[in-house]
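This report concerns only the one structure given below.
The values are calculated or read from the model by the stated rules, or taken from the named source; none is laboratory data. Computed from a predicted model, the values in this text were never measured in an experiment. Every residue, glycine among them, receives a Cβ derived from its backbone with ideal geometry; neighbour counts consider all protein chains shown. Each accessible area value is taken on the protein alone, full model and side chains, heavy atoms only, with ligands, DNA and RNA left out. Shrake-Rupley method; radii C 1.70, N 1.55, O 1.52, S 1.80 Å.
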Amino acid sequence: MSVGTIVWLASELMFFAALFAMYFTVRQVLPPEEWAAQADKLNIPFSALNTTVLVLSSVTCQMGVLAAERFQPRRRGGVLAFWSWGMNEWMALTYLMGAFFIGGQVLEYAELVEHGLSISSSPYGSVFYLTTGFHGLHVVGGLLAFLFLLGRSFAARRFGHHEATTAIVVSYYWHFVDVVWIALFFVIYILQ
């Protein structure tokens, strides 16, 4: 199952490579002043905060995997005793962080549309919304995978290898989505 997931993620990598190619092609042919005028509308501090939450969600996801590998689905101590959390608590926190990221992206889109940057307003708007939007759809897919994982964990009579493997596979996808976002953030928000 892990090998199949890695092969599938390789095909996803090609998809995002095509989006990056589109971005750089449009950037190359658009006049620099037009590109800069559109890029100046981005709220970099807000996006950096949103990015930080998403990147930290990879840490919480990995903590969930470690708990799953110990076959520990639930916490063994108090709610605030993080060291005793099980997979369910770590993955639920990861889910909330991913949902926070999506909410932040929706707010960012609303602000940009209010400032005149939409998918049809300019070539810059098209590549910005296509690249970040497809990434957002992948995050939503990851959120659905977390719900599936948590549902499977709660439904299992005995937490075992099957559930732990599911946690590992979901984490592969989540880490992939995070790494892609780091690259997108660097190209779109930092390099501009």
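On average, how much area does the Cα convex hull of the chain cover when viewed from any direction, in nm²?
Averaged projected hull area, Cα only: 11.5 nm².
Count the net charge of all other residues whose Cβ sits under 10 Å from the Cβ of residue 153, scoring Lys and Arg as +1 and Asp and Glu as -1.
+1
About the Cα centre of the chain, what is the dipole size in debye to 20, counting +1 per Lys and Arg Cβ and -1 per Asp and Glu Cβ, all else neutral?
Value, rounded to 20: 980 debye.
For the range 35-105, what number results from the quotient of the Cα radius of gyration and 2.2 N^0.38 Å?
Cα Rg divided by the expected 2.2 N^0.38 Å: 1.45.
Quick check: net charge around residue 73, other residues with Cβ under 15 Å of its Cβ, Lys/Arg +1 and Asp/Glu -1?
Local charge sum for residue 73: +4.
Determine the sum of side-chain charges near residue 43: Lys and Arg each +1, Asp and Glu each -1, restricted to other residues whose C-beta is under 10 angstrom from that of residue 43.
-1
Ordered by residue, what ³J(HN,Hα) values in Hz, to whole numbers, does the range 42-55 give under the Karplus form 6.51 cos²θ - 1.76 cosθ + 1.60, where θ = phi - 60° and Gly and Pro are x?
My calculation for the range 42-55 gives 6, 9, 5, x, 5, 5, 5, 4, 4, 5, 4, 4, 5, 5 Hz in order.
Accessible area per residue of the range 125-192 at 1.4 Å probe, in Å²?
42 Å²
What percentages make up the Cα-Cα pair-distance distribution of the range 101-192 when the bins are 10 Å wide from 0?
15, 37, 24, 15, 7, 1
Take the alpha-carbon centre of the range 41-80, take the same for the range 90-162, and report the distance between them in whole Å.
Measuring centre to centre over Cα atoms gives 14 Å.
Just the number, please: carbon plus sulfur as a percent of the accessible area of the range 80-192, 1.4 Å probe, no ligands or DNA/RNA counted.
74 percent
Among 124, 86, 31, which residue has its Cα positioned farthest towards the positive end of the charge dipole of the range 17-150, with +1 placed on the Cβ of Lys and Arg, -1 on the Cβ of Asp and Glu, and the dipole taken about the Cα centre?
Highest projection toward the positive end goes to 86.
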